[in-house]
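Enquirer: Can you read through this structure? Questions will come right after.
Since every read-out is calculated from the coordinates, none of them should be taken as a lab result. Note that the coordinates shown come from a computational prediction; the quantities given were computed from them, not determined experimentally. Neighbour counts are summed over all protein chains in view; Cβ atoms, including those assigned to glycine, are modelled from backbone coordinates with ideal geometry.
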Amino acid sequence: MRQRFEQLVDANGGRLLQLARLILRSASDAEDIVQDSLIKLWSQLPSLEPGAEPAWLMTCTRNACLDRLRTQRRQSGLLRQVHSVDRELESHVNDRGPATNALHQEQARQLHDAIRALPEPARSLIILRDIQDLDVATVAETLDLTPNQVKVYTFRARRTLRRQLEECSHEQVA
Amino acid sequence: MNKWPEQPRNAAAPPGAAFEDKGFEADLAAENRIESGKDLSHDPELSADQSLRTSLGQIDAPRLPDELREAVIDHSRGPDRPWAWLAMAAAVVLSVIVVTVLDPLGQRAPSVEITDQDWAQLTLAIETLNAQGQQIARTTQRQVSPHLVMPEFKMPSLQMQLDPLPYPDSFRRWFQPGVPQPR
């Protein structure tokens, strides 16, 4: 079972971290949540059907991130820790390596902000479907949607995101 | 077109419920065209959506930091440790039981051999204590009696004739089971 667990950690750990980082502002918060999710996976592994683990992990991580966001919003003082968190975000964006080579650093930051600004489940759909390219069935299970809902809502989320990015670039040009 | 439900729709909802959403089928068809990867240059909006999808797909997932991975894997090793300790404890208890059963008290040899000289010293010590006890009793009677004079009470004379220990050898068999019983 430990071997199976290690394989799941290696196969899904990066994706979970990406999901958490794109939902949360703080990279350290994201790592905490991913660690908790993986530890929970270990305790739940005997009861999980083989193959169901990725969806379970995504659901667990996403729920934890949304809970963290709600807590942070309640604590408005913490939410306004813009400077330190922004610096952390900048460094995170900077060391993303080949992931954002095609995008300018500023565009990458705008993209992160625009994704974070999306409401749920649009944000999760963009991350899981478009960025992580998870299959429709897994995303549907993770978000408790039908496969067709996943497709339609992803389409709408992507269009919303595109328009937000276009508005940002228009403002910069202006 | 960009309406968004506040809460995720329950997957258990009736299949027809999704189609109450106007534009649902049109958006589904559009998404299917984007996912198909076909050339959509004739439709600028869909082409832009497809382009964004392609760009988003180029963002690689970060690598899980080594420290985080180690912490998680270490945690998975944790629950086995109590079993190891329990197994060791059970082995210790079992060995004690086995030793106790196979080596009863009666068959155990004395760990210390008492010599005749040891026994002579012990006897002398006991006799000395006995003699000193008798002397203390006599001295106490002699010194305390004058202070206890009462008109109507006469102190009875105490005969502190303590006999020597009747069977000093009775102690010996505790230490040397081989010594014959005293008569």
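Enquirer: Just want the ordering: A:32, B:116, from fewest to most Cβ atoms lying within 10 Å of their own Cβ.
Expert: B:116, A:32
Enquirer: Tell me which residues come under 5 Å, amide H to amide H, from residue B:64 once H is placed; ignore anything under 5 positions away on its chain.
Expert: Excluding prolines and chain starts, which carry no amide H, the hits are A:14.
Enquirer: Kindly put A:124, A:28 in sequence by how many other C-beta atoms sit within 10 Å of each C-beta, fewest to most.
Expert: Ascending number of Cβ neighbours within 10 Å: A:28, A:124.
Enquirer: Still on this structure, I have one more. Using 17 Å as the cut-off for backbone N distance, which residues of segment A:127-153 belong to the label zone defined by a point 7 Å from the Cα of residue A:44 along Cα→Cβ?
Expert: A:138-145
Enquirer: Shielding by partners for A:111-122, please: the mean number of other protein chain Cβ atoms within 10 Å of each residue's Cβ.
Expert: 2
Enquirer: Report, as an integer, the average count of C-beta atoms from other chains found within 10 Å of each Cβ along A:15-27.
Expert: Other-chain Cβ atoms within 10 Å of each residue's Cβ, averaged: 2.
Enquirer: Once phi is turned into θ = phi - 60°, what whole-Hz ³J(HN,Hα) does the Karplus curve with 6.51, -1.76 and 1.60 give for every residue of segment B:86-91, x standing for Gly and Pro?
Expert: These are the phi-based 3J(HN,Hα) values: 4, 5, 5, 4, 5, 5 Hz.
Enquirer: Shifting gears a bit: Treat the count of other C-beta atoms within 10 Å as a stand-in for reagent exposure and order B:22, A:40 from fewest to most.
Expert: B:22, A:40
Enquirer: Still on this structure, I have one more. Taking H placed 1.01 Å from N in the peptide plane, check which residues at least 5 places from residue A:24 or on another chain put their amide H under 5 Å from its amide H.
Expert: So residue A:24 has HN proximity to no qualifying residue.
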